[in-house]
Amino acid sequence: MPFRDISGHERPIAILQAALSHERLGHAYLFHGEDAIGKRLTAIHLAQALNCERPSAPESLDGCGSCRACQQIAAHTHPDFIVIEPDRELATPQIKIEQVREIEQQFIYRPLMGERKICLIDDADRMTLGAANALLKTLEEPPGHALFLLITSRPNALPITIRSRCQLLRFTTPARTQVEAAVILKRDVPPADARLLALVTDGRIGDALTLDLAALRERQQECLELLAPQTLRSTSAILIAAESLAKADRGLETLTWISRWIRDLMLIHVGGDQDQILHLEQLAQLQDYAQRADLTQLLNLQKDIEKLEQSATRHLNLHMALESCLLRLREALALAPAGTPA
């Protein structure tokens, strides 16, 4: 797939194509921005543009996406294209010094097929200190045929010595309309589903293109049933649901869905843009809730859920957290428990 098929990121792509046009491509770039928004995809397309065997037009400075070289790069089998990424099997994924030393050995030799050897280092901030120091030696005196493409969502986690030897390209989240259009085109889904994917992923197009839509809709429906008046009014229903979700290891996921729902409710409460509402199909019920909701309590609950999400790696009692959240939400919505006198 060529540059022209990437949604958003016009500025960094234009910078790269200008460098290609004037034969001033640097030896190392650091692509940084939010997770899953297209940084890695852009790096792969740059490698294709440099190695394409039949570009559509010389002036396009783009790959065709279908020739042997483009397909090999997409499959990570091209002899001049090396991908380094963290060992995902580790509890804390890392890029080890041995992986970087392998690059050093391979870059001694000239390219076999193209003019450059290209190394893509994904999640570059995961390099150990030893790996970063080993890479620094190569970046300080790079071979003339070398191109390093480092990708990270945490540029400040990289040593400044590494950052200073790379040209930085910042990637921003594409507009929601761009994400929706890409999802409709590439996944062939209805606009309502594309809108859901774009909103749930906060515009992270990589996630929007890969998330299981059926599972997403199922989780959304479960959340809506959990937040229905008949459930929230029943203390026993809340306790049973919280226990079941925690045992299924879906406590944190459920809290995230509740947080999205509360955000919708607050948007309606303050008269915000309804186009930003995730659960737009439930607008009538949300409006009914908004009329009775205590905004201060909702804001405090939202903040506490965000703190829980940020502490996800710690040992949390998600069963108790979910129970507390639902009971507090019931109070914020002035929903008396079943059987309570009016």
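The values are calculated or read from the model by the stated rules, or taken from the named source; none is laboratory data. Quick caveat: nothing in here was measured; it's all calculated off a predicted structure. Using ideal geometry, Cβ is built from the backbone for each residue, glycine included, and neighbour counts are taken over all protein chains shown. Ligands, DNA and RNA are excluded from the accessible area calculation, which covers all protein heavy atoms including side chains. Shrake-Rupley method; radii C 1.70, N 1.55, O 1.52, S 1.80 Å.
Using a simple spin-label model with pseudo-atoms 7 Å out from Cα toward Cβ, T296 and M113 lie 6.6 nm apart.
Taking the Cα centre of the chain as reference, the dipole from Cβ charges on Lys and Arg (+1) and Asp and Glu (-1) amounts to some 500 debye. The long axis of helix 318-332 is offset from the longest Cα principal axis of the chain by roughly 60 degrees. Evaluate the Debye formula for the chain with equal point scatterers sitting on the alpha carbons, no solvent, and hand back log10 of I(q)/I(0) at q = 0.11, 0.13, 0.14 Å⁻¹, in q order, two decimals. At q = 0.11, 0.13, 0.14 Å⁻¹ the computed log10 ratios are -0.84, -1.03, -1.11. How are the Cα pair distances of the range 67-217 distributed, in percent, across 10 Å bins from 0? Histogramming the range 67-217 at 10 Å steps yields 10, 30, 30, 22, 7, 0 percent. Annotation: per residue accessible area for the chain equals 50 Å², rounded to a whole number [probe 1.4 Å, protein chains only].
Viscosity 0.890 mPa s, temperature 25 °C: give me the Stokes-Einstein translational D for the range 129-269 in µm²/s, with Rh taken as the Kirkwood radius over C-alpha pairs. This corresponds to a translational diffusion coefficient of 129 µm²/s. Kindly express, to the nearest 10 degrees and within the range 0 to 90, the angle between helix 283-292's C-alpha long axis and the longest C-alpha principal axis of the chain. Compared with the principal axis, the helix lies near 60 degrees.
Excluding same-chain neighbours fewer than eight residues apart, the lysines reachable from K303 by a Cα-Cα span under 26 Å are K247. Within the accessible area of the chain, the carbon and sulfur atoms contribute 50%, probe 1.4 Å, all protein chains present. In whole angstrom, the range 83-165 maps to an equivalent ellipsoid with semi-axes of 21, 14, 11, each derived as √(5λ) from the alpha carbon gyration tensor and ordered largest first. Accessible area ranking (1.4 Å probe, heavy atoms, ligands and nucleic acids excluded), largest first, for D202, D249, D288, D123: D249, D202, D288, D123.
Considering helices alone, the calculated mean residue ellipticity of the chain at 222 nm is -15500 deg cm²/dmol, with DSSP H runs of length four and up weighted by -39500 (n - 2.57) and normalised per residue. At the residue level, V270 shows approximately 100 square angstrom of accessible surface with a 1.4 angstrom probe and all protein chains present.
Across the cross-link table entries K96/K137; K96/K307; K39/K186, which are compared at the Cα atoms, the separations over 21 Å belong to K96/K307. Relative to the longest principal axis of the Cα atoms of the chain, the long axis of helix 97-106 lies at roughly 30 degrees. FRET efficiency for the E85 to S244 pair, using the beta carbon distance and R₀ = 25 Å, is estimated at 0.10.
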